[in-house]
Ligand SMILES: Cc1ncc(COP(=O)(O)O)c(C=O)c1O
């Protein structure tokens with residue numbers, strides 16, 4: 001069988017590491033990248049589905065419009081305005097089947113084979129893989145505690161010039177590092193990018209999972225040149241199984257996205273969209289988010305406390321202000337993949353940092369998810385990990 005060349009770009013098995021870790025019942029898993037399933041509001045979801053079937057069953061079980069259910073887009077628009085000061089009209093918002101579809105369509109819209117796409121280094125594996133499937137040349141831009149490094153960005157923009165067709169960034173509680181860009185770095189980034197006619201794909205998947213009241217404004221808020229395409233999702237604040245997310249873009253760009261969305265799947269699930277809209281109209285997603293971020297903060301604190309007390313002092317991390325992850329840095333000569341091999345034998349899993357580097361060239365970090373395990377399991381798993389890490393670092 002002859003396959004298209006793009007499949008070769010995905011053939012590197014190390015990229016799939018994240019999804020290949022055996023998750024048996026007795027495993028203490030710090031690998032996941034999603035909310036805890038025990039927080040899914042099952043009764044409210046059930047009620048919403050029943051009401052949707054009763055009130056508009058025929059429409060809910062038909063094809064929906066390509067841009068998405070209007071009432072849902074309206075609510076999303078109001079939430080974005082209220083929470084982040086973003087002003088999108090209804091025709092600047094479409095519903096996607098997960099924000100992963102928004103990433104994929106963005107690759108389709110802007111990237112031809114061999115075009116350069118700039119990425120944070122490390123970055124979200126799903127975005128890396130999606131852009132690989134479009135045969136992009138991925139150029140990694142360093143990040144520090146404040147966000148993307150502007151010098152490194154300028155160098156890449158200068159070096160690759162017109163070959164750069166897109167930049168993908170995840171400024172809030174990034175997957176995998178949990179870091180958020182500072183206010184100044186956001187402004188500096190937008191100022192730098194304003195000199196280039198390059199679309200900025202802003203992935204705000206974790207933006208609402210803040211442990212603090214104050215949240216930074218999205219890059220889209222500072223966009224004066226219609227450059228930002230903004231992706232959001234209910235996967236992290238509600239549940240990922242519905243596959244309901246959104247993409248916002250200026251009208252002239254949105255016209256192109258609509259063509260792609262229609263070609264990709266005609267429309268997102270009409271019943272899932274209506275269920276989501278019903279929930280948003282009759283329940284409080286904000287209360288739900290407040291509740292889950294309270295749970296996650298407690299779990300994160302437990303994890304951080306054990307790292308502080310029991311891990312070797314040569315292991316570094318930055319305490320995240322939200323999101324789902326803690327990013328641990330081992331001494332430079334150590335390898336997170338080796339640590340994983342050892343911890344799997346003790347039934348504890350996590351994701352080695354290597355998986356998140358587009359070039360797969362850094363090995364001494366690991367990503368720990370804190371949302372999915374109950375406190376007693378976090379304590380047990382982190383104590384085991386502290387023990388294994390101490391042994392490994394002493395060698
Ligand atoms: C940064 C980031 N963006 C997008 C996604 C995909 O989310 P969705 O479920 O909306 O497709 C994920 C999922 O892990 C993610 O971590």
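The values are calculated or read from the model by the stated rules, or taken from the named source; none is laboratory data. What you are looking at is a predicted structure, and each value in this text was computed from that prediction instead of being measured. Every residue, glycine as well, gets a Cβ built from its backbone with ideal geometry; the counts of neighbours run over all protein chains shown.
Which one of these is modelled with pLDDT of 95 or more and part of a helix (DSSP H, G or I): 197, 104? Spell out how you get there, then give the answer.
Numbers: 197 fails: part of a helix (DSSP H, G or I).
When all the criteria are applied, what remains is 104.
Of all residues in the range 188-202, one or more are within 16 Å of the ligand (Cβ to nearest atom), touching a residue at least 40 places away in the same chain (Cβ under 8 Å) and under 21 Å from the mean Cα position of the chain (by Cα).
The rows are residues; the columns are (1) part of a loop (DSSP other than H, G, I, E, B); (2) under 15 Å from residue 200 (Cα atoms); (3) away from the ligand (no atom under 16 Å from the Cβ).
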position: 117; (1), (2), (3): no, yes, no
position: 129; (1), (2), (3): no, no, no
position: 135; (1), (2), (3): yes, no, yes
position: 142; (1), (2), (3): no, no, yes
position: 151; (1), (2), (3): no, no, yes
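Taking the numbered list (1) within 18 Å of residue 372 (Cα to Cα); (2) in contact with a helix residue (DSSP H, G or I) (Cβ under 8 Å, 6 or more places away or on another chain); (3) modelled with pLDDT of 95 or more in turn, residue 351 passes all entries but (3). Scanning for something touching a residue at least 24 places away in the same chain (Cβ under 8 Å) and in a helix (DSSP H, G or I), does the range 311-334 turn up at least one residue? No: zero hits. Take the conditions (1) surrounded by fewer than 16 Cβ atoms within 10 Å (Cβ to Cβ); (2) within 16 Å of the ligand (Cβ to nearest atom); residue 320 misses just one of them, which is (1).
From 278, 257, 296, which residue is buried (at least 20 other Cβ atoms within 10 Å of the Cβ), touching a strand residue (DSSP E or B) at 6+ places or on another chain (Cβ under 9 Å) and assigned by TED's automatic domain parsing to the domain that holds residue 122? Break it down stepwise before answering.
Numbers: 278 fails: touching a strand residue (DSSP E or B) at 6+ places or on another chain (Cβ under 9 Å); 296 fails: assigned by TED's automatic domain parsing to the domain that holds residue 122.
When all the criteria are applied, what remains is 257.
Scanning the range 231-271 for residues that are within 15 Å of the ligand (Cβ to nearest atom), part of a loop (DSSP other than H, G, I, E, B) and within 23 Å of residue 53 (Cα to Cα), we see that the one that is farthest from the chain's Cα centre (by Cα) is 269.
Looking only at the range 327-336, which residues are out of contact with any helix residue (DSSP H, G or I) (no Cβ under 6 Å at 6 or more places or on another chain) and buried (at least 16 other Cβ atoms within 10 Å of the Cβ)?
Here is the first cut: in the range 327-336, the ones out of contact with any helix residue (DSSP H, G or I) (no Cβ under 6 Å at 6 or more places or on another chain) are 327-335.
Residues satisfying the conditions are 327, 328, 329, 330, 334, 335.
The C-beta contact set for the range 89-100 (first residue on the phi > 0 side of the Ramachandran plot and assigned by TED's automatic domain parsing to the domain that holds residue 274, second residue within 11 Å of the ligand (Cβ to nearest atom) and in a loop (DSSP other than H, G, I, E, B), distance under 7 angstrom, 6+ apart or interchain) comprises 98/235; 98/243.
Scanning the range 47-70 for residues that are over 17 Å from residue 280 (Cβ atoms) and not in a helix (DSSP H, G or I) yields 61, 62, 63, 65, 66, 67.
Looking at 158, 212, just one residue is assigned by TED's automatic domain parsing to the domain that holds residue 252, outside any loop (DSSP other than H, G, I, E, B) and either on the phi < 0 side of the Ramachandran plot or crowded, with 23+ Cβ neighbours inside 10 Å (or both), and that residue is 158.
What do you reckon, is residue 126 more than 20 Å from the chain's Cα centre (by Cα) and at pLDDT below 95? Against the criterion (more than 20 Å from the chain's Cα centre (by Cα) and at pLDDT below 95), residue 126 does not qualify.
Here residue 108 meets the list (1) surrounded by fewer than 16 Cβ atoms within 10 Å (Cβ to Cβ); (2) touching a residue at least 40 places away in the same chain (Cβ under 8 Å); (3) over 15 Å from residue 273 (Cα atoms) almost entirely, failing just condition (1). Residue 78 meets all of the listed conditions (1) outside any loop (DSSP other than H, G, I, E, B); (2) over 21 Å from the mean Cα position of the chain (by Cα); (3) within 16 Å of the ligand (Cβ to nearest atom) but one, namely (3).
Kindly establish whether residue 237 is crowded, with 20+ Cβ neighbours inside 10 Å, in contact with a strand residue (DSSP E or B) (Cβ under 7 Å, 6 or more places away or on another chain) and not assigned by TED's automatic domain parsing to the domain that holds residue 382. Here the answer is no, as residue 237 does not meet what is asked.
Looking for whichever is within 16 Å of the ligand (Cβ to nearest atom) and over 26 Å from residue 329 (Cα atoms) here; the options are 169, 164, 228. Which one fits? Talk me through it step by step, then tell me what you get.
Numbers: 169 fails: over 26 Å from residue 329 (Cα atoms); 164 fails: within 16 Å of the ligand (Cβ to nearest atom).
Step by step, each of 169, 164, 228 is checked, and only 228 is within 16 Å of the ligand (Cβ to nearest atom) and over 26 Å from residue 329 (Cα atoms).
Just checking, how many residues over the range 174-194 are assigned to a loop (DSSP other than H, G, I, E, B) and touching a helix residue (DSSP H, G or I) at 6+ places or on another chain (Cβ under 6 Å)? Can you show your working first?
Of all residues in the range 174-194, those assigned to a loop (DSSP other than H, G, I, E, B) come to 174-182, 194.
Filter again for touching a helix residue (DSSP H, G or I) at 6+ places or on another chain (Cβ under 6 Å), leaving 176.
Number satisfying all stated conditions: 1.
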